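The values are calculated or read from the model by the stated rules, or taken from the named source; none is laboratory data. From a predicted model like this one, the values you see are computed outputs, not experimental measurements. Backbone-built Cβ (ideal geometry, glycine too); neighbour counts: all protein chains shown. Accessible surface is based on the protein model in full, side chains and every heavy atom, while ligands, DNA and RNA are left aside. Shrake-Rupley method; radii C 1.70, N 1.55, O 1.52, S 1.80 Å.
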Amino acid sequence: MTEHGNDSINDGIGTYDVVLLVEQAMSASDATQVRSLHSDIVDQVVYHVLVPMEDAAARIEASLGSLGAGDVMAAPALVMSEVDLEAVRQECRDRSAADLATTIAALERVGGRAEGAVSTEPPVEALAHKVKEVDAREVIILTRPHIVAEFFHVDWASRARRKIGVPVLHLLEHETFDEQAGGGEGVTGL
């Protein structure tokens, strides 16, 4: 994992540690909503942000698969050089680092104290490690809607609930609490 933010944030005294697993950069609205969840907590709330780095090879495979999705015949085999794959990997690293920086800045703009890392581990594994490392009191997972994954309970939030022993709140990014609660698919685990 690549660290970003204040390295000395978690001194373990008088802190309420929250681990955030985010799929993409948090908006100002997302940060405001997350921060509002902890407005009554007396201890210093510290947000530990995890941004999983997208797997470049899987991204290329998914893109190639979608090229032939509407065709009866399979898409022609495309061979990518190691240089091309490395360029996609670098793009993924850059995007993840930018999402992390944007998220930390959004939390800090609304008065939050935050640090974070880009993780190359599987997301739920990285989440479990961070929860244990900082003795987190809760977890918040922010994702785009993944209806199929959520239906089959293979999404990050469902997997995290089975793996770690702290409350897990699943929020859909870019939706207000009211929008999420109204549709029944955003706020889970309350």
- Task: Evaluate the following for residue 54: is it open to solvent by 80 Å² or more (accessible area, probe 1.4 Å), more than 30 Å from residue 15 (Cα to Cα) and either of a type in the set (Asp, Glu) or at pLDDT 95 or above (or both)?
- Result: no
- Report, by residue number, each residue of the range 86-123 that is touching a Phe, Trp or Tyr at 6+ places or on another chain (Cβ under 6 Å) and in a helix (DSSP H, G or I). 107, 123
- May I ask you to list the residues in the range 109-163 that are at pLDDT 90 or above and hydroxyl-bearing (Ser, Thr, Tyr)? 119, 120
- Identify, please: which residue in the range 12-32 is aliphatic (A, V, I, L, M), open to solvent by 10 Å² or more (accessible area, probe 1.4 Å) and at pLDDT 90 or above and is, among those, nearest to residue 161 (Cα to Cα)? 25
- Message: Restricting to the range 119-137, give me the number of residues that are in contact with an Asp or Glu (Cβ under 8 Å, 6 or more places away or on another chain) and either closer than 11 Å to residue 18 by Cα or open to solvent by less than 90 Å² (accessible area, probe 1.4 Å) (or both).
- Response: 4
